[in-house]
1. Checking B:Ile49 against (1) more than 11 Å from every other protein chain (Cβ to nearest Cβ); (2) surrounded by 19 or more Cβ atoms within 10 Å (Cβ to Cβ); (3) of a type in the set (Val, Ile, Thr), only one condition comes out false. Which one?
2. Of these, A:Gln6, A:Gln42, A:Gln29, which one is open to solvent by 70 Å² or more (accessible area, probe 1.4 Å) and touching a residue at least 60 places away in the same chain (Cβ under 8 Å)?
3. Return the total of residues in the stretch A:52-102 being within 11 Å of chain B (Cβ to nearest Cβ) and either closer than 16 Å to A:Val19 by Cα or touching a Pro at 6+ places or on another chain (Cβ under 6 Å) (or both).
4. Can you tell which of B:Ser74, B:Ser31 is more than 12 Å from chain A (Cβ to nearest Cβ) and either in contact with a Cys (Cβ under 6 Å, 6 or more places away or on another chain) or over 17 Å from A:Gly108 (Cα atoms) (or both)?
5. Within the stretch A:45-58, work out how many residues are among the polar types (S, T, N, Q) and either open to solvent by 40 Å² or more (accessible area, probe 1.4 Å) or assigned to a loop (DSSP other than H, G, I, E, B) (or both).
6. Determine which single condition B:Gly10 fails, assuming it passes every other condition in (1) of a type in the set (Gly, Ala, Ser); (2) open to solvent by 50 Å² or more (accessible area, probe 1.4 Å); (3) touching a residue at least 24 places away in the same chain (Cβ under 8 Å); (4) within 14 Å of chain A (Cβ to nearest Cβ).
7. Can you name every residue in the stretch A:68-92 that is assigned to a strand (DSSP E or B), open to solvent by less than 10 Å² (accessible area, probe 1.4 Å) and either hydrophobic (A, V, I, L, M, F, W, C) or touching a residue at least 60 places away in the same chain (Cβ under 8 Å) (or both)?
Amino acid sequence: GAVVSQHPSWVICKSGTSVKIECRSLDFQATTMFWYRQFPKQSLMLMATSNEGSKATYEQGVEKDKFLINHASLTLSTLTVTSAHPEDSSFYICSARGLGGNEKLFFGSGTQLSVL
Amino acid sequence: AQKITQTQPGMFVQEKEAVTLDCTYDTSDPSYGLFWYKQPSSGEMIFLIYQGSYDQQNATEGRYSLNFQKARKSANLVISASQLGDSAMYFCAMREGISGGYNKLIFGAGTRLAVHP
């Protein structure tokens, strides 16, 4: 089946630094990728929709200058948390949809970000 | 307005028994898709089952079946013959629009299932 690779799986950083998370579709081309955030014991909240070759679409309340999304190719989308603060500590998970609008989304394994 | 509602924060089931996880949804779009995902403690999201709004029959995938009651807007997940490895968080999700475009998945709050030996 389709595989989405997300890296790193966990990261610890100092407050004020930036962290980049990568999401790759390994065996299919992903025209659209989605970035979700999940706080402990809570559901997944959609942050943004990343479209290859165009600007990401952010959900209401998500700061686009803080969470930079780049979808430069059909197999790679990146989320950069800029000037991270402790309140940005969370589980970030990406998902991808292949060409043809497959009804099933494929998820990465997630990234646990801890900001000290 | 909340679009996906999972009213059971936690459920317990005895190994080998069946369990039903509830999910209700709200949409005015006649075309939509309903999903169930499993999230073990490791964090990855594992796709379990999909039901399209126009599908005539309830979806089944091995031990998983979806009890789709369109008029009641419910899409309950039934797990038969529970196994210890089924212990995890289970999320119901909905996508408005059947396919194509950039339709996003909206998730419910989740239900934590614990399977006891």
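The values are calculated or read from the model by the stated rules, or taken from the named source; none is laboratory data. As the structure is a prediction and not an experimental result, all values here were calculated from the model. Cβ coordinates were reconstructed from backbone atoms using ideal geometry, including for glycine residues, and neighbour counts include every protein chain displayed. Only protein heavy atoms, including side chains, enter the accessible area calculation; ligands, DNA and RNA are left aside. Shrake-Rupley method; radii C 1.70, N 1.55, O 1.52, S 1.80 Å.
1. Only one criterion in (1) more than 11 Å from every other protein chain (Cβ to nearest Cβ); (2) surrounded by 19 or more Cβ atoms within 10 Å (Cβ to Cβ); (3) of a type in the set (Val, Ile, Thr) is unmet by B:Ile49, namely (1).
2. Within the list A:Gln6, A:Gln42, A:Gln29, the selection yields A:Gln29.
3. 4
4. Of the residues listed, the single one that is more than 12 Å from chain A (Cβ to nearest Cβ) and either in contact with a Cys (Cβ under 6 Å, 6 or more places away or on another chain) or over 17 Å from A:Gly108 (Cα atoms) (or both) is B:Ser74.
5. Of the residues in that region, 2 qualify.
6. Of (1) of a type in the set (Gly, Ala, Ser); (2) open to solvent by 50 Å² or more (accessible area, probe 1.4 Å); (3) touching a residue at least 24 places away in the same chain (Cβ under 8 Å); (4) within 14 Å of chain A (Cβ to nearest Cβ), only one is false for B:Gly10: (2).
7. Of everything in the stretch A:68-92, those that are assigned to a strand (DSSP E or B), open to solvent by less than 10 Å² (accessible area, probe 1.4 Å) and either hydrophobic (A, V, I, L, M, F, W, C) or touching a residue at least 60 places away in the same chain (Cβ under 8 Å) (or both) turn out to be A:Leu79, A:Val81, A:Tyr92.
Every residue, every condition in (1) more than 19 Å from A:Pro86 (Cα to Cα); (2) hydroxyl-bearing (Ser, Thr, Tyr), yes or no:
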| position | (1), (2) |
| --- | --- |
| A:Ser5 | yes, yes |
| A:Met33 | yes, no |
| A:Met47 | no, no |
| A:Tyr58 | yes, yes |
